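Visitor: Sending over a structure as structure tokens; questions will come in a sec.
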Amino acid sequence: MKTSGYVPEFQAVVLAGGKGSRFTDVTQNKAKCLLPVGNLPLLWYPLNMLQRNGFQEVIVVVSEACKSEVNGLAKRYGLDMKLDVVALSAQEDPGTAEALRLVHDRISSPRVIVLSGDLITDLKLHHLTDLHRAHRSALTALFAQNTLDHKTIPVPGPKSKPKKEKDFVGIDKGTNQLCYISSEADLDEFLSVRRSLLMEHPRLSVFTNLIDAHFYIFESWVLDFLAKDDISSIKGELVPHLVKKQHSKNPDQNQPKPEDDVSDLKNNPNKSLHADDPQDIFSYMCTDSMADKSQELSTWTDHTGDLKGAYRNRPLRVYAHVMDTGTCLRANNLYAYCELNRQISRWMNALAPHREPVHLHPNSKVEPRAQVGVECQIGEGSFVSNKTTLKNSILGVNCKVDEKVKLLNCIIMDNVHVKEGCQITGSLICDGVIVPERCEIKDCIVGKSYKFVVGGKHANETLGDDQNRMMEI
Amino acid sequence: MAKKKKKAAQGKGQPLSTDSTEAEKSKTVVKVEPDSNSVQSESRIESPLEKEPIMSDKKVEKTKEEILAEREAKKAAKAAKKSGVKPSDSQAKRPATPPKNEDKSKAQILAQREAQKAAKVNKQIPAKADSPQDSKISANSGTLELAVAQETKPVDGGKTKAELKAERRAKQEAQRAAKLAGAKPEGADSSKKGVASRGNKPQIQSQPSITKSKVQRVPDDMQADRQSVEKKVQKKLQSAQIPARVKAQRKVVLFSHLHQYERELSMTREIPVVGGVIHSAILELGLRYSEGIITGSNARCVALMNAMSKVIRDYSTPPHKDLPRDLDSRIKPYITFLRQCRPLSLSMGNAIRFLKTKINALDPSLPEDEAKEQLLDSIDNYVHENIVLAAKQISITAREKIRNGDVIMIYGCSSLLRTVLIDAVQESKLKIRVIVVDGRPKYEGREMVRHLVNAGINCTYVQITSVPYMMPEVGRIEPCDPDDLVDTGRPSFTPLEDWRDLNSLTLLNLTYDVTPPTLVDAIISEVSVIPTTSVPVILRLKNIDHVAT
């Protein structure tokens, strides 16, 4: 629907090649992007959000193994969009930056939206794009209030200390600029801030309770820079690099100002400053001299207190938007994943307002004397027998629940057979598991080919085929 | 401006306390002899003909009704007189028929008006075209105020809406009359007096028609509070697939004919991020306008031309379509969108008109690339001639008016003035001192100060409240979202914070105020120094120029 006939301003890239290394028990046998959340694959949610904002073509980077499934994902789950699926080769463990490099030649638009495949949000994109466009920033990042309290979320599996993955995010509230970002792991005892930074941004707010949504709007020249560099992680290295470069002395600032030559509109207004140093990001930057000139004529400034012009004459700017209402979660660890599944029916309204909420799939069969709670979701082709109780649970596709079974707060994936008399509470049961009769399972993660004992009782365990592979990375 | 000087002359002996909390520059009070109070040239950038003082047409309609009602009342009065009931009994009738009572007093008004009219004619008021109406207004307002005073007695059932409106209008007219009366001394054309005095009487009767022809109004098809205008706007937006902006919730009634929008809700909510109708450069431009990042006439024009050149560069003619016409139809929704973001400035309007003429003048047989080249060239030339060179020319002309040792007072910030002053110091090597007057909410004066200080000019920075105090030092003067008014810069002190909760309070934050052309002595343009009346001539000449080339 390219009515305007112009090159689209934005292109979207979804990075869904992650292995889910933070909860391998679950992601061992199923790619993280295909894990079900509310009986829809995890990847569906970011794609849905992009579709709601007008995107009809998206580039998706996935691992080799799930390429074919992702290819058919859009059609299967009712998304009217074209997916350009790019597969990461299975061998190495690529970082997010490597994934971006892979798709670099498919990028033709001046701006790129890069998001992680496990982001579930009802973000109104215009907040970010407004910021990005209005201030001609190089990178605009999304942050959200962290609403998950790890201490209060019950999680299946052995009790473990939640990993500390805080981010220290410094935002100048007056200008919305992202001035400082660092993850907890990279800091020792102290967080040091350069004095020159404080001189420029005297009112800096540093947050530790924000989720980095891993949703970025880049200018395409940043990706050009990335292509020539050997950074491996976007969040870990590229973003901090850009944030730091905001305040560095631009070598061109000392050059004499060009003549008031406004007859430059005819030539390409976006020309790079100089191309000597491939390592220096400034050499990739496209400048719009006319826009600078009109900014100079304008009577607006974004800060007070010094004699510099708007934006302190800094050509490279990084902005951040903090989402304070609505949902924004990344399903990259067990807590988030479980919580998502529990809350998804409540959030679907905001996430996908035009989609019919499906609690009991029309192709599923629920016997009349089965007690199925309202928040439960039953997938296609599943069968729930009489005398069962399901509360707050999600049942996947093609499952079979025999009689006298109690399921409470469970997440059950596809092709699972729960035999008679079982009581399962707060657990996560992966694909293809057969739970024999009269088992009592409480707060466990049950992996694929676990060999159950009939009538076994398990609590707070990870039940997998190989007991040694329980490590969380 | 003349008014201000008079005030200053009076206030010389009474230094008012300056609001100097914001003053950042040194306060050395240099005893510079101000120039003789002869009003020197004032440079203005924009034509003062943007908007004239307005009267809503509802007022005219109301007056007609009033007139009709008056006639009825007169008849009733006559009938009453015949039947022996005194007119003063109408006072007793007041609770029962409030509107009629108003008309009753209008009859008195007319009588008083005629008396005052005779008195005024004898006083030899300069009878300009405006004056019969003016004296009428002041008489009207004077006596209407009487009527209002009478009606302030509590009436059961309350006053009708019409009465309230009439009261408000009376107050407005009084204010307007005062302002015009203050400007009167400039031009007196006594030769017309005789004619006017004769024309007075018939003019009183046909008051509505006079009002219509003499007072400038915003044309009917532009007033935002009319249904037909709203419908037209909606239709236009729909056809261009541009989402409408959310209208302001509470408007000040006097300004309800202007388009006002709620600032918080961004227009881009409704526009899809990808695949929309509007080109990205225009979207950016609109955002920057509505956020105020690009303000100032020249800046807006340059930014607009920049965006347009991007549009043209990205444009490719679809098959079977004519470049000039297709491009023109593409640009139309863009302009509508920009207008929604922020009303077009005069410079933008001129630029768009120029561009459209150029597009329409394109030779249809030209290959696309050449046509685009041509357009881009003409845009370059336009910007170069009308902004860069014009600024240089104006600066040269204006500099001749500035003398060494001058103290100049400026309000707010304007890029052109900035250029003039900086060039005066750097090129002509003049020594001047500048007093920058600033006002809420935007504090644009700070930007001006920053530029001037960077150029090495001595500046004093004051708030507008201290203008009378600073006035004795000055030789030359150049005189810029209601929620912006709420923020006083002190987080604990925001008395206006919940202004929407108070039903009787409406905030109005005017961005532009217009000096009537009669108060402006001269306009310095790149063509020459002209009086205000010659502005349309210049514009006309320029248009002919553009069409010819």
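The values are calculated or read from the model by the stated rules, or taken from the named source; none is laboratory data. What you are looking at is a predicted structure, and each value in this text was computed from that prediction instead of being measured. Virtual Cβ from ideal backbone geometry, glycine too; neighbours counted across all protein chains shown.
Visitor: Quick check on B:S329: is it farther than 23 Å from A:A291 by Cα and not assigned by the TED database to the domain that holds B:S414?
Guide: On the way: farther than 23 Å from A:A291 by Cα: yes; not assigned by the TED database to the domain that holds B:S414: yes.
Against the criterion (farther than 23 Å from A:A291 by Cα and not assigned by the TED database to the domain that holds B:S414), B:S329 qualifies.
Visitor: Would you be able to tell me the number of residues in the stretch B:319-332 that are among the charged types (D, E, K, R), within 13 Å of chain A (Cβ to nearest Cβ) and within 21 Å of B:M348 (Cβ to Cβ)?
Guide: 1
Visitor: Answer with yes or no whether A:V103 is closer than 26 Å to B:S280 by Cα and within 12 Å of the chain's Cα centre (by Cα). Reasoning before the result, please.
Guide: Values: closer than 26 Å to B:S280 by Cα: yes; within 12 Å of the chain's Cα centre (by Cα): no.
So A:V103 does not fit the description; no.
Visitor: In the stretch A:319-334, how many are in a helix (DSSP H, G or I) and either within 14 Å of another protein chain (Cβ to nearest Cβ) or surrounded by fewer than 21 Cβ atoms within 10 Å (Cβ to Cβ) (or both)? Show your work before the answer.
Guide: Here is the first cut: in the stretch A:319-334, the residues in a helix (DSSP H, G or I) are A:334.
Pick out the ones that are also either within 14 Å of another protein chain (Cβ to nearest Cβ) or surrounded by fewer than 21 Cβ atoms within 10 Å (Cβ to Cβ) (or both) and you get none.
Counting residues in the stretch A:319-334 that are in a helix (DSSP H, G or I) and either within 14 Å of another protein chain (Cβ to nearest Cβ) or surrounded by fewer than 21 Cβ atoms within 10 Å (Cβ to Cβ) (or both) gives 0.
Visitor: Separate question: Tell me which residues, restricted to the stretch B:265-318, are out of contact with any Leu (no Cβ under 6 Å at 6 or more places or on another chain), of a type in the set (S, T, Y) and within 7 Å of chain A (Cβ to nearest Cβ).
Guide: Answer for the stretch B:265-318, where residues must be out of contact with any Leu (no Cβ under 6 Å at 6 or more places or on another chain), of a type in the set (S, T, Y) and within 7 Å of chain A (Cβ to nearest Cβ): B:S266, B:T268, B:S280, B:T295, B:S316.
Visitor: Please indicate, with yes or no, whether at least one residue in the stretch A:303-318 is surrounded by 18 or more Cβ atoms within 10 Å (Cβ to Cβ), modelled with pLDDT of 85 or more and among the β-branched types (V, I, T).
Guide: Yes, there is a match, as at least one residue in the stretch A:303-318 is surrounded by 18 or more Cβ atoms within 10 Å (Cβ to Cβ), modelled with pLDDT of 85 or more and among the β-branched types (V, I, T).
Visitor: Which one of these is in contact with a strand residue (DSSP E or B) (Cβ under 7 Å, 6 or more places away or on another chain) and either in a helix (DSSP H, G or I) or in the same structural domain as B:Y382 (by the TED database) (or both): B:V274, B:V302, B:V311? Full working, then the answer.
Guide: Working: B:V302 fails: in contact with a strand residue (DSSP E or B) (Cβ under 7 Å, 6 or more places away or on another chain); B:V311 fails: in contact with a strand residue (DSSP E or B) (Cβ under 7 Å, 6 or more places away or on another chain).
Unique residue meeting the criteria: B:V274.
Visitor: Further question: Select from the stretch B:363-384 the residues that are over 19 Å from B:N298 (Cα atoms) and among the polar types (S, T, N, Q) and write down the one among them that is farthest from the other protein chains (Cβ to nearest Cβ).
Guide: B:S365
Visitor: Oh, and also: Tally up the residues in the stretch A:20-33 that are more than 14 Å from the chain's Cα centre (by Cα) and either assigned to a helix (DSSP H, G or I) or under 21 Å from A:W347 (Cα atoms) (or both), please. Full working, then the answer.
Guide: Start the filter on the stretch A:20-33 by keeping residues that are more than 14 Å from the chain's Cα centre (by Cα), which leaves A:21-31.
Going one step further and asking which of them are either assigned to a helix (DSSP H, G or I) or under 21 Å from A:W347 (Cα atoms) (or both), we end up with A:21-27.
Final tally of qualifying residues: 7.
Residues checked against (1) of a type in the set (A, V, I, L, M, F, W, C); (2) more than 25 Å from B:Y289 (Cβ to Cβ); (3) more than 14 Å from chain B (Cβ to nearest Cβ):
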site: A:S108; (1), (2), (3): no, yes, no
site: A:G117; (1), (2), (3): no, yes, yes
site: A:I120; (1), (2), (3): yes, yes, yes
site: A:Q145; (1), (2), (3): no, yes, yes
site: A:I153; (1), (2), (3): yes, yes, yes
site: A:G157; (1), (2), (3): no, yes, yes
site: A:N176; (1), (2), (3): no, no, no
site: A:C179; (1), (2), (3): yes, yes, yes
site: A:S183; (1), (2), (3): no, yes, yes
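Visitor: Mind checking which residues of the stretch A:284-310 are more than 7 Å from chain B (Cβ to nearest Cβ), assigned to a helix (DSSP H, G or I) and aliphatic (A, V, I, L, M)?
Guide: Scanning the stretch A:284-310 gives a single hit, A:A310.
Visitor: Can I ask one more? Identify, by number, the condition in (1) over 26 Å from the mean Cα position of the chain (by Cα); (2) surrounded by fewer than 20 Cβ atoms within 10 Å (Cβ to Cβ) that B:I352 doesn't meet.
Guide: The single condition B:I352 does not satisfy is (1).
Visitor: Only helices (runs of 4 or more DSSP H) wholly contained in the stretch A:39-121 count here; list those with 2 or more residues that are touching a Phe, Trp or Tyr at 6+ places or on another chain (Cβ under 7 Å), buried (at least 22 other Cβ atoms within 10 Å of the Cβ) and not basic (K, R). Give the derivation first.
Guide: Values: elements: A:44-52, A:67-71, A:73-76, A:96-102.
Helices (runs of 4 or more DSSP H) meeting the threshold: none at all.
Visitor: Let me ask something else about it. Can you report the number of residues in the stretch A:164-210 which are outside any loop (DSSP other than H, G, I, E, B), among the hydroxyl-bearing types (S, T, Y) and out of contact with any Phe, Trp or Tyr (no Cβ under 6 Å at 6 or more places or on another chain)? Give the derivation first.
Guide: Step one: filter the stretch A:164-210 for residues outside any loop (DSSP other than H, G, I, E, B), giving A:167-172, A:177-186, A:195-200, A:204-207, A:210.
With among the hydroxyl-bearing types (S, T, Y) added as a condition, the list becomes A:180, A:182-183, A:196, A:205.
Those left that are additionally out of contact with any Phe, Trp or Tyr (no Cβ under 6 Å at 6 or more places or on another chain): A:180, A:183, A:196, A:205.
Adding up the residues that qualify gives 4.
Yes/no matrix, rows are residues, columns are (1) modelled with pLDDT of 90 or more; (2) touching a helix residue (DSSP H, G or I) at 6+ places or on another chain (Cβ under 9 Å); (3) within 22 Å of B:S239 (Cβ to Cβ); (4) basic (K, R):
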position: B:E291; (1), (2), (3), (4): no, yes, no, no
position: B:R300; (1), (2), (3), (4): yes, yes, no, yes
position: B:A303; (1), (2), (3), (4): yes, yes, no, no
position: B:S309; (1), (2), (3), (4): yes, yes, no, no
position: B:D314; (1), (2), (3), (4): no, yes, no, no
position: B:D326; (1), (2), (3), (4): no, no, yes, no
position: B:I331; (1), (2), (3), (4): yes, yes, yes, no
position: B:Y334; (1), (2), (3), (4): yes, yes, yes, no
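Visitor: If you check A:I171 against the conditions, is it touching an Asp or Glu at 6+ places or on another chain (Cβ under 7 Å), surrounded by 14 or more Cβ atoms within 10 Å (Cβ to Cβ), closer than 18 Å to A:Y319 by Cα and modelled with pLDDT of 90 or more? Working first, answer last.
Guide: Working: touching an Asp or Glu at 6+ places or on another chain (Cβ under 7 Å): no; surrounded by 14 or more Cβ atoms within 10 Å (Cβ to Cβ): yes; closer than 18 Å to A:Y319 by Cα: yes; modelled with pLDDT of 90 or more: yes.
Criteria not met by A:I171.
Visitor: Pick from the stretch B:422-456 the residues that are more than 9 Å from every other protein chain (Cβ to nearest Cβ) and among the charged types (D, E, K, R): which of them is farthest from the chain's Cα centre (by Cα)?
Guide: B:K429
Visitor: Within the stretch A:50-74, which residues are more than 14 Å from every other protein chain (Cβ to nearest Cβ) and under 20 Å from B:G275 (Cβ atoms)?
Guide: Taking the stretch A:50-74 as the starting set, the residues that turn out to be more than 14 Å from every other protein chain (Cβ to nearest Cβ) are A:60-74.
Matches in the stretch A:50-74: A:V60, A:A74.
Visitor: With the condition kept exactly as written, say whether any residue in the stretch B:405-416 is facing chain A (nearest Cβ under 10 Å), out of contact with any Phe, Trp or Tyr (no Cβ under 7 Å at 6 or more places or on another chain) and in a helix (DSSP H, G or I). Break it down into steps so the answer makes sense when it comes.
Guide: Kept after step one, since they are facing chain A (nearest Cβ under 10 Å), are these residues of the stretch B:405-416: B:412-416.
Keeping just the survivors that are out of contact with any Phe, Trp or Tyr (no Cβ under 7 Å at 6 or more places or on another chain) gives B:412-416.
Pick out the ones that are also in a helix (DSSP H, G or I) and you get B:415-416.
So far as the stretch B:405-416 goes, yes, one or more of its residues are facing chain A (nearest Cβ under 10 Å), out of contact with any Phe, Trp or Tyr (no Cβ under 7 Å at 6 or more places or on another chain) and in a helix (DSSP H, G or I).
Visitor: Right, A:L316: closer than 24 Å to A:F168 by Cα and away from every other protein chain (no Cβ under 14 Å) or not? Before you say what the answer is, go through the steps one by one.
Guide: Details: closer than 24 Å to A:F168 by Cα: yes; away from every other protein chain (no Cβ under 14 Å): yes.
Yes; evaluated as a whole, the condition is true for this residue.
Visitor: Restricting attention to the stretch A:400-420, which residues are assigned to a loop (DSSP other than H, G, I, E, B), under 19 Å from A:E440 (Cβ atoms) and under 33 Å from the mean Cα position of the chain (by Cα)?
Guide: Filtering the stretch A:400-420 down to residues assigned to a loop (DSSP other than H, G, I, E, B) leaves A:402-405, A:409-410, A:413-416, A:419-420.
Narrowing the set further to residues that are under 19 Å from A:E440 (Cβ atoms) leaves A:402-405, A:409-410, A:416, A:419-420.
Listed by number, the residues that qualify are A:N409, A:C410, A:V416.
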